[in-house]
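Worksheet for the structure shown next.
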């Protein structure tokens, strides 16, 4: 659920748990919907960030950015707070992509170690 960066940290998780409890509860409801149905049709709650292969969960001015991985997993890579528009700065999307790439590298390394 939470992407791991090259240092082994989960930056989005850390930021997520700094949110008010009621906001976290709303996001957990959305995570559950995605897990149960494989999609969320309401684009105000969950949408693809085109043209990149990223998705966002949204609640007011907080966005959780991530992507799908094999096994029907969704990884949250980055938490962006305080956005008053629907546009997310390219540097924030770059950061999410970088963390997802680092996560993939960490998972690959762990898989290789487990098989050797």
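Arranged from fewest to most other beta-carbon atoms within 10 Å of their beta carbon, 2, 55 become 2, 55.
Taking the longest Cα principal axis of the chain as reference, the axis of helix 90-115 is set at about 30 degrees.
Among 22, 81, the order by Cβ neighbours within 10 angstrom, fewest to most, reads 22, 81. Extent along the principal axes, Cα only, for the chain: 47, 31, 31 Å, with the longest axis given first.
Antiparallel beta bridges, as assigned by DSSP with both residues in the chain, represent about 95 percent of the total such bridges. Taking 7 Å steps out from each Cα toward its Cβ at residue 48 and residue 81 produces label points 3.1 nm apart. Each of residue 104 and residue 36 was given a label point 7 Å from its Cα along the Cα-to-Cβ line. The distance between the two points is 3.1 nm. Within the listed set 87, 26, 95, the residue fluctuating most in the Gaussian network model of the chain (springs between alpha-carbon atoms under 10 angstrom) is 87. Can you give the angle from 0 to 90° between the axis of helix 21-37 and the longest principal axis of the chain, with both taken from C-alpha atoms, to the nearest 10? It is inclined by approximately 70 degrees.
Note on 99, 88: ascending count of other Cβ atoms within 10 Å places them as 88, 99, the fewest first.
Taken together, the values in this text are just the output of simple stated rules run on the coordinates, not laboratory data. A quick note: this is a predicted structure, and the numbers were derived from the prediction, not measured. We place every Cβ from the backbone using ideal geometry, glycine too, and count neighbours over all the protein chains shown.
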